[in-house]
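Presented below is the structure to which this report refers.
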Amino acid sequence: MKLQNDLILRAARGEEVERTPVWLMRQAGRVLPEYRKVREKMGGFKELVESPEFACEVTIQPVDILGVDAAIIFSDILVIPEAMGLPYQMMEAKGPWFEKTVQTAADIDALRVASGEDLHYVLEAIRLTKEALSGRVPLIGFAGAPWTIFAYMIEGGGSKTFSKAKKFLYTHPDLAHKLLDKITQSTLNYLLAQVKAGADMLQIFDSWAGVLSPEQYKEFSLRYISRICDGIKAAVEVPITVFAKDAFFARKELGLIHCDTIGLDWTMDIAESRALIGNMKTLQGNMDPCLLYAPDQVIVDETVKMLKAFGKHRHIANLGHGIYPDTEKEKVKLFVNTIKEFRF
Ligand code: CP3
């Protein structure tokens, strides 16, 4: 089906755009009361993720309510560890929790390489969403970067430092590579299956990139992200975004991998990032999500400043990380509308 609004895809490919496209990380859920209603009806987060009709409904909500230029499939990066053999639970107000974690070589051997079919409920949600969107905007598929998934598999949940996962890199580097390799194969299978089911674009989230040293980042993260990008590009023609939160030290190297767009967080200077990454990539971001607590005029002024700093081409407007749950819907709309109304 032909897309009526393909601004994001054109921006990712470096083509001409009439205006800067915009979407928001974590736009599905979190801030929308309409989401909370569906979630209550379902009983919990996982039930929602695993019910394609409802996942489809909350995926489309931000397109209808916020007017963003793309939908992102409602799911989580943690479906991959689960498909490999480590089920997760989403604890109310606490976040993810894994009953089993990876500690030994035997634990790694016991994990499966996930196939796309293991995540049939996400693929079905993608098919339903594509149909329901009927070409209004592109649909983004996603996965966690292998390092970020590895970190959850070792820690068994969130952490400020991810010191257990980092300890594993120092004490068992060979086993770490073995696990990262299994996660990478699973993630590649999963992302290719998402494209086959209808995803128009892909994003890889490396949320915990910033806890590694530059050297470790190259060895234990970038190498695997790069392998995923190469695997996707060898099979299908789809734009890929890599978002490595807090990895300011790796921007130059990120500019060299086979992806189309690099996501920036708000700590990364825009001109400096452009100079480091070069002109062959689109940049995505990078407003501080806390700007959306500011008075309206501050939101408008800062948003216009950001748009001008990125320039007309090769920019996809977004926040520098996911939107915070207590953000007012009207402030989010103001951010989105300011971008949509701005002309160079
Ligand atoms: O972006 C979207 O709107 C699509 C859906 C999406 C979710 N998680 C739904 C979700 C996406 C893209 C993710 C990615 C994700 N999940 C990341 C990478 C992005 C990032 O923020 O860095 C990470 C690290 C996770 C792991 C995760 N999932 C955590 C730590 C938590 C708990 C804290 C939180 O973010 O709310 C989740 C839960 C989660 N994933 C929720 C949603 C809507 C909240 C669950 C609820 O409804 O109670």
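The values are calculated or read from the model by the stated rules, or taken from the named source; none is laboratory data. Just so it is clear, the model here is predicted, and its values are computed rather than measured. Virtual Cβ from ideal backbone geometry, glycine too; neighbours counted across all protein chains shown. Each accessible area value is taken on the protein alone, full model and side chains, heavy atoms only, with ligands, DNA and RNA left out. Shrake-Rupley method; radii C 1.70, N 1.55, O 1.52, S 1.80 Å.
Here the gap between ASP269 and HIS313, fully extended at 0.36 nm per residue and compared with their Cα-Cα distance, gives a gain of 14.1 nm. Here's the list of lysines a cross-link from LYS331 could span, going by alpha-carbon distance under 19 Å and ignoring same-chain residues fewer than 8 apart: LYS305, LYS340. Relative protection proxy for 114-124, 91-101, from highest mean packing down: 114-124, 91-101 (other beta-carbon atoms within 10 angstrom).
By DSSP, the beta bridges lying fully in region 7-341 are antiparallel in about 15 percent of cases.
What percent does the relative contact order of region 7-341 come to when contacts are Cα pairs within less than 8 Å and at least six residues apart? Walk me through the intermediate numbers first.
Details: 622 pairs, mean separation 75.0, N = 335.
The value is 22 percent.
For region 158-257, GluC sites (Glu not before Pro) are listed when DSSP marks them as loop and at most 15 other Cβ atoms sit within 10 Å of their Cβ; the list is GLU237.
Accessible surface computed residue by residue for the chain, with neighbouring protein chains in place and a 1.4 Å probe, gives 41 Å² per residue.
Here the calculated FRET efficiency for ASN337 and VAL236, from their Cβ-Cβ distance with R0 = 35 Å, stands at 0.55, rounded to the nearest 0.05.
Ratio of region 240-323's C-alpha Rg to 2.2 N^0.38 Å, to two decimals? Provide the component values of the computation, followed by the final result.
Details: Rg = 12.5 Å, N = 84, 2.2 N^0.38 = 11.8 Å.
Working it through for region 240-323, the quotient is 1.05.
Give me the percent of accessible area attributable to carbon and sulfur for the chain, probe 1.4 angstrom.
Values: 7420 of 14120 Å².
The nonpolar share, carbon plus sulfur, comes to 53 percent.
Is any residue of region 180-197 close enough, with backbone N under 18 Å, to a label point placed 7 angstrom from the Cα of THR101 along the Cα-Cβ axis, and if so, which? Correct set: 180. A straight line joining the Cα centroids of region 68-109 and region 287-344 runs 30 Å. Placing a pseudo-label 7 Å from each Cα along the Cα-to-Cβ vector at ARG223 and LYS2 gives an inter-label distance of 4.7 nm. Under conditions of 25 °C and 0.890 mPa s, the chain yields 122 µm² s⁻¹ as its translational diffusion coefficient, taking Rh as the Kirkwood radius over Cα pairs in the Stokes-Einstein equation. For CYS290, the accessible surface of its heavy atoms amounts to roughly 60 Å² (probe 1.4 Å, protein chains only, rounded to the nearest 10).
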